[in-house]
Amino acid sequence: MKYIDTYKLLKNKINYTGDQIVIPDVMEIRNCSFTSNNCYTLPNDSSDDEVYGYDRTCETGIMHEMLYIHDADVKDNVSFRYHLFSPVGAQKAKKIILLFHGFNEKHWHKYLPWAKYIMDATGATVVLFPIAFHMNRAPQEWSDMRLMHKVSNRRRELFPDIIHSTLSNAAISTRMHAKPQRFIWSGMQSYYDVIQFMDQYKSGRHPYIAPDAEVDIFAYSIGAFLAEILIMTNHRRYFDASKLALFCGGPVFNRLSPVSKFILDSEANVALYSYIIEHLDSHLKKDEKLRHYLCERPEGISFRSMLNYGAMSDLREERLRNISDRLLAIGLKQDTVVPPYEMANTLQGKYRDIPVRVDIYDFPYAYKHEDPFPVLEKISDEVDAGFRLVFEPIGRFLSGGCGL
């Protein structure tokens, strides 16, 4: 089946309403309920009410709600469903592959053919697990085109020099601009949610995954950031033997270029960079909770080592070296959000002496980071070839081969 046909088939079948979706002779999809026990990491009291760049008295409606909501109270982010892609007739999975998506994603559509290919190539159950406040973990209002158009227009009024403010990135840009620490706290919640999922199946409490199931990871874009922290920290040795395949991801935070119509606008990016890179040390001195999570907990230390290329490089590179034989990274030549040379700079180290395989491919059609495989009939053959170029080595790697 061609890439475009697989995309259309799965897009038409996927939903969160049914417990099971059977596509005869193709696959079985199960929707599993999850309730996060980790909202304690999120801002949820009046001390977190300060926001930057806005006057509380001037904002009303959806804008005021997005600015001043206590993140721990966002119910969609607490209770949600995730997908399992399994071969037809599969019993309890003996191998799973966690699939992590990119920044500011609202639906799984582009990942559906990716997940199916990985499932077919490995025979594993693929777990499409959403990052905090993404996919179905965000309120529907944040994806409402009419409302987000108003929010984008308001941001243009407030910040006349803004670049790439669109209805697609209005919600996440508003939230990150107002409280850039959200990147850290939602990232930590995502980490703990994955560990909670791992605890569930390792203890025999998952209905579709065996407690001794092997686990590997496929991660794209900012999902690679989460995946690296999971494997570098290796909580309870859950990831002792796990392989990690990265696609268009892997650099430390300050080597990404996320200003895009589909990711972040320029004002949000400046606020995020200022908080996380330029002034993090000052925030750590003033904020006891932030200091505890990023300086005293192993997962927080791994998180902090992946923020700034010039900081904690010895620790970061030691941990990457320890997992280098279980890591494959593929970048795209024309990717401007996650440049492939920055993938190599982080993953192979400042002296290029960490033996992580980083492959760089290019396609003969127009593509971008957010859409590497456009669903267009006129270039469907070229997209098929590009998709195979990337995912055949990923499939071999995750199925136990070297990926060559």
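The values are calculated or read from the model by the stated rules, or taken from the named source; none is laboratory data. Note that the structure is predicted; figures quoted are calculated from it, not measured. Every residue, glycine among them, receives a Cβ derived from its backbone with ideal geometry; neighbour counts consider all protein chains shown. Calculation scope for accessible area: heavy atoms of the full protein, side chains included, ligands and nucleic acids excluded. Shrake-Rupley method; radii C 1.70, N 1.55, O 1.52, S 1.80 Å.
Lys179 - would you say it is farther than 20 Å from Asp73 by Cβ and of a type in the set (D, E, K, R)?
Numbers: farther than 20 Å from Asp73 by Cβ: no; of a type in the set (D, E, K, R): yes.
No: the conditions fail for Lys179.
Out of the residues in the stretch 230-279 that are within 14 Å of Leu307 (Cβ to Cβ) and in contact with a Lys or Arg (Cβ under 8 Å, 6 or more places away or on another chain), which is least open to solvent (accessible area, probe 1.4 Å)?
Applying the filter and picking the extreme gives Val252.
Looking at Tyr117, Tyr111, Tyr82, which one is aromatic (Phe, Trp, Tyr), touching a residue at least 40 places away in the same chain (Cβ under 8 Å) and not in a helix (DSSP H, G or I)?
Tyr82
Just checking, which of Tyr201, Tyr191 is open to solvent by less than 20 Å² (accessible area, probe 1.4 Å), in a helix (DSSP H, G or I), in contact with a strand residue (DSSP E or B) (Cβ under 7 Å, 6 or more places away or on another chain) and not polar (S, T, N, Q)?
From the options Tyr201, Tyr191, the qualifying one is Tyr201.
Does Val88 count as closer than 24 Å to Lys2 by Cα, more than 19 Å from the chain's Cα centre (by Cα) and not in a strand (DSSP E or B)? Step through it out loud before you land on a result.
Values: closer than 24 Å to Lys2 by Cα: yes; more than 19 Å from the chain's Cα centre (by Cα): yes; not in a strand (DSSP E or B): yes.
Taking the combined requirement at face value, the residue satisfies it.
Taking the stated definitions as given, is Leu98 touching a Cys at 6+ places or on another chain (Cβ under 7 Å) and part of a strand (DSSP E or B)? Working first, answer last.
On the way: touching a Cys at 6+ places or on another chain (Cβ under 7 Å): no; part of a strand (DSSP E or B): yes.
Answer is no for this residue.
When you check Asp381 against the structure, is it charged (D, E, K, R) and exposed (fewer than 14 other Cβ atoms within 10 Å of the Cβ), yes or no?
On the way: charged (D, E, K, R): yes; exposed (fewer than 14 other Cβ atoms within 10 Å of the Cβ): yes.
The answer is yes for Asp381.
So, in the stretch 1-28, of the ones that are in contact with a helix residue (DSSP H, G or I) (Cβ under 7 Å, 6 or more places away or on another chain) and hydrophobic (A, V, I, L, M, F, W, C), which residue ends up farthest from Asp381 (Cα to Cα)?
Let us first name the residues in the stretch 1-28 that are in contact with a helix residue (DSSP H, G or I) (Cβ under 7 Å, 6 or more places away or on another chain), namely 2-4, 6-7, 10-11, 14, 16, 21, 23, 27.
Then drop every residue that is not hydrophobic (A, V, I, L, M, F, W, C), which leaves 4, 10, 14, 21, 23, 27.
Numbers: Ile4: 9, Leu10: 19, Ile14: 25, Ile21: 29, Ile23: 25, Met27: 24 Å.
By that ranking, first place goes to Ile21.
How about the stretch 69-86: which of its residues are at pLDDT below 95 and open to solvent by 30 Å² or more (accessible area, probe 1.4 Å)?
Within the stretch 69-86, Ile69, His70, Asp73 meet the criteria.
Which of the residues belonging to the stretch 319-335 are open to solvent by 40 Å² or more (accessible area, probe 1.4 Å) and among the acidic types (Asp, Glu)? Even if it seems obvious, please write down each step before you answer.
Our first condition is that a residue be open to solvent by 40 Å² or more (accessible area, probe 1.4 Å); within the stretch 319-335, this holds for 319, 321-322, 325-326, 333-334.
Within the stretch 319-335, Asp325 is the sole residue that qualifies.
With respect to the numbered conditions (1) within 30 Å of Val375 (Cβ to Cβ); (2) at pLDDT below 95; (3) surrounded by 14 or more Cβ atoms within 10 Å (Cβ to Cβ), which one is the sole condition not fulfilled by Cys39?
Condition (1) is where Cys39 drops out.
Which residues, taken from the stretch 280-336, are of a type in the set (D, E, K, R) and farther than 30 Å from Phe391 by Cβ?
Just the residues of the stretch 280-336 that are of a type in the set (D, E, K, R), to begin with: 281, 285-289, 291, 296-297, 299, 304, 314, 316-319, 321, 325-326, 333, 335.
Hits for the stretch 280-336 are Asp281, Lys285, Lys286, Asp287, Glu288, Lys289, Arg291, Glu296, Arg297, Arg304, Asp314, Glu318.
Across the stretch 95-134, what is the total count of residues that are among the polar types (S, T, N, Q), within 30 Å of Thr166 (Cα to Cα) and open to solvent by less than 10 Å² (accessible area, probe 1.4 Å)?
Of the residues in the stretch 95-134, the ones among the polar types (S, T, N, Q) are 104, 122, 125.
Pick out the ones that are also within 30 Å of Thr166 (Cα to Cα) and you get 104.
Adding the requirement that they be open to solvent by less than 10 Å² (accessible area, probe 1.4 Å) leaves none.
Total meeting the criteria: 0.
Tell me yes or no: at least one residue of the stretch 158-176 is open to solvent by 30 Å² or more (accessible area, probe 1.4 Å) and either assigned to a helix (DSSP H, G or I) or among the basic types (Lys, Arg) (or both).
Yes, the stretch 158-176 contains at least one residue that is open to solvent by 30 Å² or more (accessible area, probe 1.4 Å) and either assigned to a helix (DSSP H, G or I) or among the basic types (Lys, Arg) (or both).
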